[in-house]
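Only one structure is covered here, and it is reproduced in the block below.
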There are 2 protein chains.
Amino acid sequence: MPSPNLRQATVLLAHGSSDANWLKPFEQLTSSIRQSVGATARIELAYMELAEPSLESVTAQLSDEGYGVIEVLPLFFAAGRHLRKDVPMQLDALSKEHMVRMTLKQPVGLEPEVAGAISNVVLRSLQENSEG
Amino acid sequence: MPSPNLRQATVLLAHGSSDANWLKPFEQLTSSIRQSVGATARIELAYMELAEPSLESVTAQLSDEGYGVIEVLPLFFAAGRHLRKDVPMQLDALSKEHMVRMTLKQPVGLEPEVAGAISNVVLRSLQENSEG
C-alpha cells in the first residue's frame, strides 16, 4: 500500500516496435484512459524496447516531477522472459537510480475481463461466418 | 464470403515465445473458446515463431483433413511489420502450397471490446490505489 505522502503515477508498459503503425493503438488506448480518469491520476505510456518514450526516460521524468511511487501495468498478453526477468531487473535498477518505489502488475491479458473480451471477439467472428 | 461447399476452420495466431509460461494463457484461451463453441467449429492455435505448433504445420494438418477455408485471427494488440508484411506473405505461400483459401482478420487488440476491457482493468487498478 503506497504511503499517502508519496505521489503515485501509473505507467502502461508496451513491448515497443520500430513500426509506428504498431505503436498507434497503444497511444490511442492511453489517450482514452486519460480522458476517462481526467486530471485525478497521472498516466504515462512507455515502451520496453525499440520505441520512445522508454521506461527509463518516463521514470526519470516522473521522478523529476516528484512522483515517489510508480506502478507499471504491462500491456502484454502473457508473462514470458521479458516480464519475469528483464523488466523486474530494470525496475530494480531504475528504482534505485531515481529513488522511486516501483511495482509491477500482472499483464492485462491475464485479467479475466480482457480474456473474456477476446473470447467474445472470436465467438462473434465464428457466428458471422456461419451466418455468411 | 466462404463457399458453402468448403469446410472452414479458424486459427488463432499468437506471436510465440521460447518460454512455456508465455504460451500457457494462449492455450487456456483456446480451450475456453473451444468449450464455448462446442463441436460446431474447428479452432486451432498456432504460433508465428519460436513455438509449436507453427502456422505452417496447423495449415498442413487442416488441409489434410479437408478444410478449404482457414480464417486467421491474430491474438496481437496491434498490427506491425509482422501482421502487415510477414504473415500475409506466409499466408499467400501456404495457401498456394496447401490449396486452401486463407484470410487474415484484424488483430483482436484493435477490437473496441478488447480495448474497452483493457481500459476497465487500468481504471479499476487506479481506483484500488486511491482507495488503498
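The values are calculated or read from the model by the stated rules, or taken from the named source; none is laboratory data. The structure presented is a predicted model; accordingly, all values stated were derived computationally and were not measured. Here Cβ is always computed from backbone atoms with ideal geometry, including for glycine, and neighbour counts include all displayed protein chains.
Here A:GLN8 passes the criteria (1) closer than 17 Å to A:GLU97 by Cβ; (2) surrounded by 15 or more Cβ atoms within 10 Å (Cβ to Cβ); (3) touching a residue at least 12 places away in the same chain (Cβ under 8 Å) except the one numbered (1). The number of residues in segment A:27-47 being out of contact with any Pro (no Cβ under 8 Å at 6 or more places or on another chain) and either away from every other protein chain (no Cβ under 13 Å) or on the phi > 0 side of the Ramachandran plot (or both) comes to 1.
This table checks each residue for (1) farther than 18 Å from B:LEU123 by Cβ; (2) of a type outside the set (D, E, K, R); (3) surrounded by 22 or more Cβ atoms within 10 Å (Cβ to Cβ).
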{"position": "A:ALA41", "(1), (2), (3)": "no, yes, no"}
{"position": "A:GLU44", "(1), (2), (3)": "no, no, no"}
{"position": "A:SER54", "(1), (2), (3)": "yes, yes, no"}
{"position": "A:SER57", "(1), (2), (3)": "yes, yes, no"}
{"position": "A:SER63", "(1), (2), (3)": "yes, yes, no"}
{"position": "A:TYR67", "(1), (2), (3)": "yes, yes, no"}
{"position": "A:LEU75", "(1), (2), (3)": "no, yes, yes"}
{"position": "A:ALA78", "(1), (2), (3)": "yes, yes, yes"}
{"position": "A:ARG84", "(1), (2), (3)": "yes, no, no"}
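Would you say B:LEU50 is modelled with pLDDT under 95 and at positive phi? Against the criterion (modelled with pLDDT under 95 and at positive phi), B:LEU50 qualifies.
Among residues belonging to segment B:103-117 that are at the interface with chain A (Cβ under 8 Å from one of its Cβ atoms) and in contact with a strand residue (DSSP E or B) (Cβ under 9 Å, 6 or more places away or on another chain), point out the one that is farthest from B:TYR67 (Cα to Cα). The extreme case among them is B:GLY109.
Scanning segment A:79-102 for residues that are in contact with a helix residue (DSSP H, G or I) (Cβ under 8 Å, 6 or more places away or on another chain), within 11 Å of chain B (Cβ to nearest Cβ) and touching a residue at least 24 places away in the same chain (Cβ under 8 Å) yields a count of 1. How many of the residues in segment A:104-120 are of a type in the set (Val, Ile, Thr) and either touching a residue at least 24 places away in the same chain (Cβ under 8 Å) or surrounded by fewer than 20 Cβ atoms within 10 Å (Cβ to Cβ) (or both)? So the answer is 1.
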